[in-house]
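Report on the following structure.
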Amino acid sequence: MAQAEGQKILTQRAVTAPNFKDVCRRWGLFAYRALAAVGLLAIMVTFFPVGRWWVRVLAGPATTPRGDILIVLGGGQYEGNVMSDDSSIRAVYAGRAYREGGFKHILISGGPEEEITVADAMAEYLVSHGVPREVILLERTSNSTRENALNCVPILRHYPGTYVLMTSDYHMLRARKAFAKVGIRVLPRPVPDVEKRSGTFRGRWPAFEEVVLEHVKIAYYGFEGWL
């Protein structure tokens with residue numbers, strides 16, 4: 001009797017134990033599907049402006065509001081006190097916005113990555129393109145979007161009015177919410193950064209990566225309670 005029971009258990013184990021070929025087949029199918037998904041993603045990002053479509057969720061409507069103070073957030077900075085691409089395009093659009101009329105001041109926020117801060121570099125660009133130096137306000141200590149918002153508060157207390165926030169399209173959602181969190185209500189005026197980069201084959205992958213990374217940052221800011 002005991003021998004029969006033991007034989008029965010061994011038989012059941014043999015039936016239920018995974019077959020090596022089946023395991024290999026399943027993992028092979030998984031790897032095939034994963035590679036196919038990666039390949040499809042590569043084709044989509046390379047040949048279609050995926051970043052442009054995706055960034056519109058982060059940027060919101062492409063509005064061009066006017067107000068009293070234009071708040072411009074600095075981006076990166078290359079070695080030698082040279083503005084990075086995102087800082088440059090924000091400076092260009094800030095100059096255009098001022099020349100359209102309506103803004104009394106431009107507040108540029110960006111901290112000390114080099115001897116000359118991002119805010120200083122952007123200000124010099126604006127002055128060289130016709131913006132009066134006396135209308136430019138500088139916040140030179142911020143190294144993050146959270147710090148941008150916090151460090152602009154004491155400056156803006158002296159300049160009441162309607163605030164318009166300008167930053168790259170992919171950055172607008174997080175920036176707008178970060179400012180709202182510290183009590184500054186802003187009207188968004190996104191710069192078509194990723195949208196323009198996604199228009200070229202060379203720029204599509206960097207633009208796509210920028211959008212993906214921004215979602216990670218949004219999740220982190222949400223976790224920290226900064227949005």
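The values are calculated or read from the model by the stated rules, or taken from the named source; none is laboratory data. Keep in mind that what you see is a predicted model, and the values were worked out from it rather than measured. Here the Cβ positions follow ideal geometry from the backbone for every residue, glycine too, while neighbour counts run over all protein chains shown. Please note that ligands, DNA and RNA were not included when accessible areas were found on the heavy atoms of the full protein model with its side chains. Shrake-Rupley method; radii C 1.70, N 1.55, O 1.52, S 1.80 Å.
The figures follow:
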read-out	value
Every residue from the stretch 118-162 that is polar (S, T, N, Q), under 30 Å from Tyr220 (Cα atoms) and in a helix (DSSP H, G or I)	Thr145, Asn148, Asn151
Residue among Leu227, Leu165 that alone is among the hydrophobic types (A, V, I, L, M, F, W, C), part of a loop (DSSP other than H, G, I, E, B) and in contact (Cβ under 8 Å) with a residue 40 or more places away in the chain	Leu227
Residue ID - most open to solvent (accessible area, probe 1.4 Å), chosen from residues in the stretch 190-206 that are in contact with a Ser or Thr (Cβ under 8 Å, 6 or more places away or on another chain) and within 25 Å of Ala149 (Cβ to Cβ)	Pro190
Of residues in the stretch 140-167 being among the aliphatic types (A, V, I, L, M) and more than 14 Å from Gly74 (Cα to Cα), the one most open to solvent (accessible area, probe 1.4 Å)	Leu150
Within the stretch 168-189, considering residues that are in a loop (DSSP other than H, G, I, E, B) and of a type in the set (A, V, I, L, M), the one most open to solvent (accessible area, probe 1.4 Å)	Val182
Unmet criterion (only one of (1) open to solvent by less than 40 Å² (accessible area, probe 1.4 Å); (2) among the aliphatic types (A, V, I, L, M); (3) under 22 Å from the mean Cα position of the chain (by Cα)) for Val135	(3)
Test result for Ile184, at pLDDT 95 or above, closer than 22 Å to Ala59 by Cβ and hydrophobic (A, V, I, L, M, F, W, C)	yes
Leu165 being touching a helix residue (DSSP H, G or I) at 6+ places or on another chain (Cβ under 9 Å) and at negative phi	yes
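Residue by residue, here is whether (1) part of a helix (DSSP H, G or I); (2) open to solvent by 90 Å² or more (accessible area, probe 1.4 Å); (3) modelled with pLDDT under 55 holds:
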residue: Cys24; (1), (2), (3): yes, no, no
residue: Trp27; (1), (2), (3): yes, yes, no
residue: Trp54; (1), (2), (3): yes, no, no
residue: Leu58; (1), (2), (3): yes, no, no
residue: Thr64; (1), (2), (3): no, yes, no
residue: Gly67; (1), (2), (3): no, no, no
residue: Gly75; (1), (2), (3): no, no, no
residue: Ser87; (1), (2), (3): yes, no, no
residue: Arg90; (1), (2), (3): yes, no, no
